Amino acid sequence: MLMSQIITASDIVWGVILTAWVAIVTLYISKIISKYTSIYVARKAIHMLGGGVVAILSPFVFSSPLIPIIASYALMGYLIVRRFRDGIMGWFQENNNYGEIFYTFSFGTVLLLMWLLDGNYWLSKDVFIPLLPIYYMSFGDGVTGIIRNYVYKRRVKGLWGSLGMAIVCIPLGYYFFGIYGAISGAIATIVEVLPLVDDNLSIPFVSFLFLYATVKLL
């Protein structure tokens with residue numbers, strides 16, 4: 001397939017616009033949020049206002065997943081280089097916590113995996129098979145983190161945060177894929193509390209695999 005068939009002029013324009021928006025959220029808006037709340041809340045704000053907004057708009061403004069995939073990996077590369085060359089951006093990054101790197105990796109990779117499995121998914125409702133897990137990672141995990149920050153006053157997994165995530169994810173999943181979507185939202189809520197794997201990896205990949213298996217294969 002020719003590159004011109006999967007990247008249009010509109011894709012490039014929207015790629016620039018949304019990349020600039022994510023930069024504004026990351027470098028400026030989150031800094032203000034961190035000043036008045038905490039580093040943790042600023043991180044979750046980036047997930048929702050940055051990645052979450054891009055994930056919502058992407059199927060409506062891009063002709064293929066290529067630009068979002070490229071942009072997510074480019075941002076991941078920037079975050080890695082910036083962290084190890086210049087040190088952490090202290091208003092949202094923390095030493096020994098690589099959540100923002102895992103987030104950008106997961107964002108691009110679930111879109112890429114779906115593209116490899118189904119080259120035409122972007123033009124059908126199947127586009128939400130990889131996007132829904134990104135919504136869970138962005139908004140569900142974002143809400144649970146903010147709740148925990150204010151309820152427990154520290155970073156800890158707890159019932160109220162999980163309840164908040166379930167309230168976001170289960171109805172969202174049901175809206176897109178019925179009972180299988182609702183179950184995927186419950187699964188995302190459960191794996192978020194597991195301590196073995198960073199939730200920016202476990203939430204999107206586990207829920208994506210479940211959705212693909214149930215929506216596409218059953």
- Flagged in the range 53-78 as part of a helix (DSSP H, G or I) and surrounded by 20 or more Cβ atoms within 10 Å (Cβ to Cβ), in numbering order, are Val54, Ala55, Ser58, Ile67, Pro68, Ala71, Ser72, Leu75, Met76
- Query: On the given criteria, is Tyr28 more than 28 Å from Met114 (Cβ to Cβ), aromatic (Phe, Trp, Tyr), assigned to a helix (DSSP H, G or I) and under 18 Å from the mean Cα position of the chain (by Cα)?
  - Reply: no
- Item | Criterion: aromatic (Phe, Trp, Tyr) and in contact with a strand residue (DSSP E or B) (Cβ under 9 Å, 6 or more places away or on another chain) - qualifying residue of Tyr36, Tyr40, Tyr28 | Tyr40
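To keep it simple, each residue is scored yes or no on (1) under 14 Å from Phe205 (Cβ atoms); (2) of a type in the set (A, V, I, L, M, F, W, C); (3) part of a loop (DSSP other than H, G, I, E, B).
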residue: Thr109; (1), (2), (3): yes, no, no
residue: Leu112; (1), (2), (3): yes, yes, no
residue: Gly142; (1), (2), (3): no, no, no
residue: Asn149; (1), (2), (3): no, no, no
residue: Trp160; (1), (2), (3): no, yes, no
residue: Ile170; (1), (2), (3): no, yes, no
- Selection within the range 79-106 - part of a helix (DSSP H, G or I) and either closer than 20 Å to Gly142 by Cβ or in contact with a strand residue (DSSP E or B) (Cβ under 8 Å, 6 or more places away or on another chain) (or both): Leu79, Gly99, Glu100, Ile101, Phe102, Tyr103, Thr104, Phe105, Ser106
- Does Ile190 meet the test of being over 22 Å from Pro65 (Cα atoms), in a helix (DSSP H, G or I) and at pLDDT 95 or above? yes
- Being aromatic (Phe, Trp, Tyr) and without any contact (Cβ under 8 Å) to a residue 24 or more places away in the chain, is that true of even one residue in the range 56-66? yes
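The values are calculated or read from the model by the stated rules, or taken from the named source; none is laboratory data. Remember, predicted model here, so these are calculated numbers, not experimental data. Cβ: placed from backbone, ideal geometry, glycine included. Neighbour counts: every protein chain shown.
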